[in-house]
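The values are calculated or read from the model by the stated rules, or taken from the named source; none is laboratory data. Values in this document were obtained by computation on a predicted structure and should not be read as measured data. So basically every Cβ, Gly included, is an ideal-geometry build from the backbone, and we count neighbours across all protein chains shown. Just the protein is used for accessible areas: all its heavy atoms, side chains included, with ligands, DNA and RNA removed. Shrake-Rupley method; radii C 1.70, N 1.55, O 1.52, S 1.80 Å.
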Amino acid sequence: MEENKRHVVAHISMFFACAFWGLMAPLGKDAMTHGIDGICMVSLRVFGACILFWIASLFVKHEHVPFKDKWKFIFAGLFGLVFNQCCYTVGLSITSPINASIVTTSMPIFAMLLAALILKEPITGKKALGVLMGCSGALILILTSAQAVSDKMGDIRGDVLCLFAQFSFALYLALFNPLIRRYSVFTVNKWMFLFGTIILAPFTMPHLIANDWAAVPVRSYWEAAFVVVICTFVSYILTMVAQQILRPTVVSVYNYVQPLVSVIVSIITGIAIFSVTHALAAALVCAGVWLVTKSKSRKDMEKKSQQ
């Protein structure tokens, strides 16, 4: 019974984390068109969340982290934060929030490919078809963005950056899931965000200082605060809670929630346009991800062969 409760909490946590990330696309995009550019936004996300996690860690049980695991946290921070957040946030500042959210659904496909390379998971016909469909959807989105005359319809540079962000996060899930499960949510995040801050600061701090903050409207400050506190600090806590219980493939499936929330808010606020091409691309990517996640794993095949 207790195990069932933990799984329910994990699923609820992952749902709200992805819903908040879905909100981040339109809200973050609006802030990044009114005084806070992509580099400033990613700096605020990483630096702000780092401070919040270290403050929060003072109120929870301290965990000793050996030196060898601190080295692992450096690389976890690199793939799970620096590459992921930099590429996604800067990509979002260039492209449409709808495009950025649709691209996030490709992450389970990357997870499957990396599982095949790293964990030697078999690639079945169903998986191969899923990858083909997902890639087709992403390609349609990127080719449409290449011809777009407005960032409301997308931008190929932003789409590619957001796509690389998903690859980076999928690699992080594949390589560092055992490390994440070993420590508490606050221990994992305080070290990841600390190393992320150390890596990013020399490159982004001069740009952050040089920004004309006096010209930034109050609404953009509130939107940036929501991105830092809710979409980063709270969402990473919720994600880690889920990752400690759920398998990486299950975690990645919740990416479906992001485009749903993002599309609704973007259309209501008028900061993006949803077209037939978007619908086709989303359908292909989501169908591809569904096929990938529904196909059998190596353990399933081994279990079946033993019966």
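Could you pull out the trypsin sites (Lys or Arg not before Pro) across region 49-85 that fall in loop regions by DSSP (anything but H, G, I, E, B) with no more than 15 other Cβ atoms inside 10 Å?
Details: sites: K61, K68, K70, K72; in loops: K61.
Answer by residue number: K61.
Could you check the simple spin-label distance between A225 and K61, using points 7 Å along Cα→Cβ, in nm with one decimal?
Taking the simple label geometry, A225 and K61 are separated by 3.4 nm.
Given a cut-off of 29 Å, name the pairs among K5/K68; K126/K190; K5/K61 whose C-alpha atoms lie farther apart than that in the structure shown. Please list the in-between numbers first.
On the way: K5/K68 33 Å; K126/K190 39 Å; K5/K61 23 Å.
As for pairs spanning more than 29 Å Cα to Cα, those are K5/K68; K126/K190.
How much solvent-accessible surface does T269 expose, in Å² to the nearest 10, with a 1.4 Å probe and all protein chains in place?
Around 80 Å² of this residue is reachable by solvent.
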